Amino acid sequence: MGAGFRLDGQVALVSGAGRGIGRGCALALAEAGAAVIALSRTGPELESLVGEIERNGGQARALVCDVTDSAAVRAEIEGLERLDVLLNNAGSNQPQPFLEVTEEVLDRLLALNLKAAFLVAQAAARVMARTGGGAIVNMSSQMGHVGGARRTVYCATKHAIEGLTKAMAVDLAPHKIRVNAVAPTFVETPMTRPFFDDPAFKALVLDHILLGRLATIEEVAAAVVYLASPAAAMVTGTSLLVDGGWTAH
C-alpha cells in the first residue's frame, strides 16, 4: 500500500466496531497505521478486537458505549484530545413489508441509523474542528441510492445518511474536515447472514450484483481506508459505491 494510503500517527474512532464491517474496518485502519478507538456496546467483542490488533503490532483501545445514549457518547467523544478519522458505522436493519412496519421498528432504526449517526458525527467533528481537521466516513448502503423490498425504513435512513454526508461536507470544509460515505452492497455479516438462509433471497441478490458475488468485509474496509487517507485529500461530499454494479442497472 502506497504512502498516501497510510494513517501513521492518526487516531481513528470506529463505531459499531464489535463485529462485521465495523470490526473489519477497525482492523484495516489499524493495519494502515492508525491508533484505533473501537466503540461498541459489547465489551467482550471489543476486547477480542483490541487483542487482535495489538497482536498484529497495532494500537487500539476499547470504548464501551451505546451510541443511542446521546449524552454519554457525546461526552466520551468530545472529551478526546485528538481525533483524525471517524468511521460512523453503527447501524442495523429489520426488514418488514411497508404495510407491516411497526412504530417500534421505525423508531428504533431512526434512532440508531440516523439520529445516533448524526450526533456521533457532530461530536467527532467538534474535536476535529478544534484540532485542525480530519476525515469522516459515514457507512451508507447501496440502499441509500435505490429502493429495496421490505426495506422502507432502512432505505429511508440510508438515503438520509447520503444527504447528511453532502451537507456535512459543505458545512465542515472550512474546518478542513472531509466527509464521505461508503455504500456497500450485501456483505455476509452477523447482521445479514440470516437473510441468506432463504435460497430465493440469495439468488435474487446475486442476480442484481453484476459481478455475481457478495462483497467482502475486506473490500468495504479498503474503501474506508482510502477515503480516510491522504490519498483522498481532494475527495469530499461523495459516496463510494462498493456494490458490484447493483445500482448501474
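The C-alpha atoms of the chain define a longest principal axis, and helix 117-131 lies at about 20 degrees to it.
Using a 10 Å cut-off around each Cβ, can you sort 92, 140 from fewest to most neighbouring Cβ atoms?
With the fewest neighbours first, 92, 140 line up as 92, 140.
Overall form of the stretch 142-188: prolate. Here a/c, set by the Cα gyration tensor axes a ≥ b ≥ c, is 1.5 or more, and a/b is the larger of a/b and b/c. Summarising the amide proton neighbourhood of residue 237: residues at separation of 5 or more, or on other chains, whose placed amide H is nearer than 5 Å comprise 179, 180.
Among rounded, prolate and oblate, which fits the stretch 1-129 when a ≥ b ≥ c are the square roots of the eigenvalues of its C-alpha gyration tensor, a/c under 1.5 means rounded, and a/b larger than b/c means prolate? The shape class here is prolate.
With a Förster radius of 30 Å applied to the beta-carbon distance between residue 103 and residue 202, the computed FRET efficiency rounds to 0.50.
What the Cβ-Cβ distance of residue 78 and residue 216 gives, at R0 = 25 Å and to the nearest 0.05, is a FRET efficiency of 0.15. Give the angle, between 0 and 90 degrees and rounded to the nearest 10, that separates the Cα long axis of helix 43-55 from the longest principal axis of the Cα atoms of the chain. Roughly 60 degrees, rounded to the nearest 10. Residue exposure proxy: 236, 102, 165, 247, ordered by other Cβ atoms within 10 angstrom of their Cβ from fewest to most, comes out as 102, 247, 236, 165.
Calculated from DSSP H runs of 4 or more alone, at -39500 (n - 2.57) each and per residue, what is the 222 nm mean residue ellipticity of the chain, nearest 500? Present the calculation step by step, with values, prior to reporting the outcome.
Details: 8 runs with 99 residues, N = 249.
Here the helix-only value at 222 nm equals -12500 deg cm²/dmol.
Excluding residue 129 itself, calculate the net charge of residues whose Cβ lies under 13 Å from the Cβ of residue 129, where each Lys or Arg counts +1 and each Asp or Glu counts -1. Let's see the in-between values first.
Working: positive: 82, 126, 130, 176, 178; negative: 78, 84, 171.
That works out to +2.
Using the number of other C-beta atoms within 10 angstrom as an exposure proxy, rank 15, 70 with the fewest first.
So the ranking, lowest neighbour count to highest, is 70, 15.
When Lys and Arg each count +1 and Asp and Glu each count -1, what net charge do the other residues less than 12 Å away from residue 25, Cβ to Cβ, add up to? Combined, the nearby Lys, Arg, Asp and Glu give -1.
Note on the stretch 182-249 and the stretch 33-100: Cα centroid distance 20 Å, given to the nearest whole angstrom.
Pairs of alpha-carbon atoms within less than 8 angstrom and 6+ residues apart define the contacts here; what relative contact order does the chain have, in percent?
21 percent
Please report the net charge: other residues with Cβ closer than 14 Å to the Cβ of residue 118, K and R +1, D and E -1.
Values: positive: 74, 115, 126, 158, 166; negative: 162, 171.
Net local charge, residue 118 excluded: +3.
Looking at the chain, what % of the alpha carbon pairs are farther apart than 27 Å? Present the calculation step by step, with values, prior to reporting the outcome.
Working: 9571 of 30876 pairs.
Cα-Cα pairs of the chain separated by over 27 Å account for 31 percent.
Think of the chain as having a plus end and a minus end, set by charges on the Cβ of Lys, Arg, Asp and Glu; of 226, 118, 172, 172 sits farthest toward the positive end of this dipole. Just checking the listed ones, 16, 237, 148: in the Gaussian network model of the chain with Cα springs under 10 Å, the one fluctuating most is 148. The long axis of helix 217-228 is offset from the longest Cα principal axis of the chain by roughly 40 degrees.
Throughout, read-outs are computed from the coordinates displayed, never taken from laboratory work. This is a predicted model, so every value here is computed, not measured. Positions of Cβ are generated from backbone atoms using ideal geometry, with glycine treated the same way; all protein chains shown enter the neighbour counts.
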